[in-house]
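Undergrad: For reference, the structure I am asking about is given below.
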Amino acid sequence: DKTNSIVKKSNDLIEKSRYELTLTQQRLILYTIAHIKISDEDFKTYDIPVSELIEKAGSSDWLYSELKKEAENLLKKTFSLETMSEDNQKVFTTLAWFSFVQYKEGSGTLQVHFDPHLKLYLLQLKERFTTYMLKYVLPMRHPYSIRIYELLKQYEHFEKQERDFDLKEFKQLLMIEEKPAYKLYGDINRGILKPAIKEINKHTDLKITKFEERKRSRKVIGFTFHFKTNQISDSEPIQEQPQPSEPAKESVNERLEALFLNVPEKVQTPSVKNIVSTFLNKDDDYIISNIKYASEHSDDNFVGYLVESLNNDYAKDVRDQEALVREKELQDKQQ
């Protein structure tokens with residue numbers, strides 16, 4: 001049933017993988033996973049109707065061209081997975097999400113094929129896996145909300161419905177340890193944790209009832225999510241989403257507010273918020289990194305420098321350098 005599709009992943013893929021994906025790429029991967037049948041013994045070439053994915057995600061129609069580009073970029077993106085061998089040795093594996101992406105002009109359909117090495121983590125799962133309804137995560141607007149939801153969902157059936165994170169471990173899981181935008185815990189709390197809690201409570205079958213910080217002296221070193229399961233019938237259809245030409249205003253405003261918090265307080269003016277709003281077709285990392293760049297490099301004319309930075313992506317070199325550092329660290333770790 002396309003309206004109640006199920007996402008089913010091995011716990012290793014959720015817990016032990018390290019990857020950095022845009023919101024659009026996560027949606028595409030999850031939407032494709034939901035097309036896998038329980039009986040499938042091998043991956044197929046899956047047809048993804050672009051308009052259908054846009055509609056179910058409640059996204060605007062600019063995503064149409066963006067989705068094709070994001071799918072192609074996924075072919076270049078690898079991720080790491082740390083597991084244990086039978087003789088109790090650590091095994092570091094580098095994997096790709098897709099081995100094949102094709103778009104036929106005018107068809108409105110993407111064809112994708114998962115990398116064969118993902119069979120162990122997506123096909124014929126009998127134990128140590130997590131499932132949830134696709135409809136819970138598609139409406140999310142923050143790229144880290146889906147990841148946090150999955151990490152909590154793993155612990156849903158524990159006696160205590162809670163999950164504790166060490167701050168350093170959390171940064172590694174989300175691959176944000178080298179990102180200037182999330183260097184401080186306050187930035188993480190404001191830009192990742194608070195939006196995630198709000199979206200999980202609003203859209204999913206989990207309700208976060210309490211969030212506790214763990215401190216050493218005055219420094220936050222970890223935190224705990226306490227949650228409970230919302231009684232939502234799996235037979236419920238997905239709530240009707242806005243048409244592609246009419247994006248969900250409330251969700252857009254929530255995302256804008258979260259991004260605007262990264263602007264230095266002394267220049268948080270309506271005109272600056274309006275500037276940020278015109279770049280919502282870019283991913284959060286693009287916007288946040290350029291806000292940070294403008295705040296660090298502008299003198300008196302922050303507004304003008306911010307516009308130039310967002311238009312010309314002055315922060316690209318910074319992001320590229322961070323990506324190289326993370327890639328080198330990953331290679332060193334695997335070696």
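Undergrad: Can you give the FRET efficiency to the nearest 0.05 for Asn73 and Gln172, using r as the Cβ-Cβ distance and R₀ = 25 Å?
TA: That gives a FRET efficiency of 0.65.
Undergrad: Largest first, please: the extent of the C-alpha atoms of the chain along each principal axis, to the nearest Å.
TA: Here the Cα extents, ordered largest to smallest, are 62, 55, 44 Å.
Undergrad: State in Å² the accessible area per residue of the chain; use a 1.4 Å probe, count heavy atoms of protein chains only, and round to the nearest integer. Can you show the working numbers first?
TA: Details: 17450 Å² over 335 residues.
About 52 Å² of surface per residue is accessible.
Undergrad: Okay, moving on. Give the residue list of trypsin sites (Lys or Arg not before Pro) in the range 25-109 that are DSSP loop and have at most 10 other beta-carbon atoms within 10 angstrom. Show your work: numbers first, answer last.
TA: Values: sites: Arg27, Lys37, Lys44, Lys56, Lys68, Lys69, Lys76, Lys77, Lys90, Lys104; in loops: Lys37, Lys44, Lys76, Lys77, Lys104.
Listed in order of number, the matching sites are Lys37, Lys76, Lys104.
Undergrad: Here are some pairs, Lys126/Lys183; Lys9/Lys90; Lys77/Lys135; Lys44/Lys168; which of them have Cα atoms lying more than 28 Å apart in this structure?
TA: On the way: Lys126/Lys183 39 Å; Lys9/Lys90 21 Å; Lys77/Lys135 25 Å; Lys44/Lys168 38 Å.
Checking Cα-Cα distances, Lys126/Lys183; Lys44/Lys168 exceed 28 Å.
Undergrad: Taking all protein chains in place and a 1.4 Å probe, what share, in percent, of the accessible surface of the chain do carbon and sulfur account for? Before the final figure, lay out each step's value.
TA: On the way: 8230 of 17450 Å².
Carbon with sulfur: 47 percent of the solvent-accessible area.
Undergrad: Still on this structure: For a bin width of 5 Å, list the pair-distance distribution of the range 1-129 built from all Cα-Cα distances, rounded to whole %.
TA: Going from the shortest bin to the longest, the percentages are 2, 9, 20, 23, 20, 14, 7, 3, 2, 1, 0.
The values are calculated or read from the model by the stated rules, or taken from the named source; none is laboratory data. This one's a predicted model, so the numbers in the text were calculated from it and none came from an experiment. For neighbour counting, all protein chains shown are included, and Cβ atoms are generated from backbone atoms with ideal geometry for every residue, glycine included. Each accessible area value is taken on the protein alone, full model and side chains, heavy atoms only, with ligands, DNA and RNA left out. Shrake-Rupley method; radii C 1.70, N 1.55, O 1.52, S 1.80 Å.
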